[in-house]
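In what follows, a single structure is set out as structure tokens and then discussed.
Where a number appears in this text, it was derived from the coordinates with a stated rule and is not lab data. This one's a predicted model, so the numbers in the text were calculated from it and none came from an experiment. As a convention, Cβ positions derive from the backbone with ideal geometry for all residues, glycine included, and neighbour counts pool all protein chains shown.
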């Protein structure tokens, strides 16, 4: 993996976000890029902040999803992890070394203009919305990558079909390997990404 092909992914890690995270990661991999996400490796002895900074530094491209930044229930505090990591990424872009100044960033939200209530400094920035629709994520990420770094990119419909095929075949393969449905639903993201890489490399959608 190289700086020129790495895509840092800053998003929630809760179960509710998984239906969006899976197609997001698959789209990046299908288009020949490398998603970099904190969940790609698990080491309890590693500082989370140190890991995040390393991933940001190693990635020319970044996707930040702010759609789950709000509190989930009354009395809960606003979730600041995603905006904080976005700030780290922007800081590297403006104050980092030469390579960092060339970084490209995609900010995602669930609904148009909602970010203005929380981060008014982003007013005037191009924010893309997925409306909490998993397959909408595919089109948004595909179109952004095509615009910033890819000479050619498969169409959204083709990626959607490939993702559906992967999920079906991978579920069947995992079941045959002895995984229960609950295990499949909570498969570690690092392992899921490995299976995505292998499936795409094998040309399984041909």
Provide the FRET efficiency to the nearest 0.05 for the residue 147-residue 94 pair, computing r from the beta carbons and using R0 = 30 Å.
0.90
Going 7 Å from the Cα of residue 202 along its beta-carbon direction, which residues of segment 168-191 have the amide nitrogen within less than 15 Å of the resulting point?
168-178
Assuming R0 = 30 Å, can you tell me the calculated FRET efficiency for the pair residue 158 and residue 111, based on Cβ-Cβ distance, to the nearest 0.05?
0.65
Under a plain spin-label model, where a point goes 7 Å from the Cα along Cα-to-Cβ, how far apart in nm are residue 191 and residue 101?
4.5
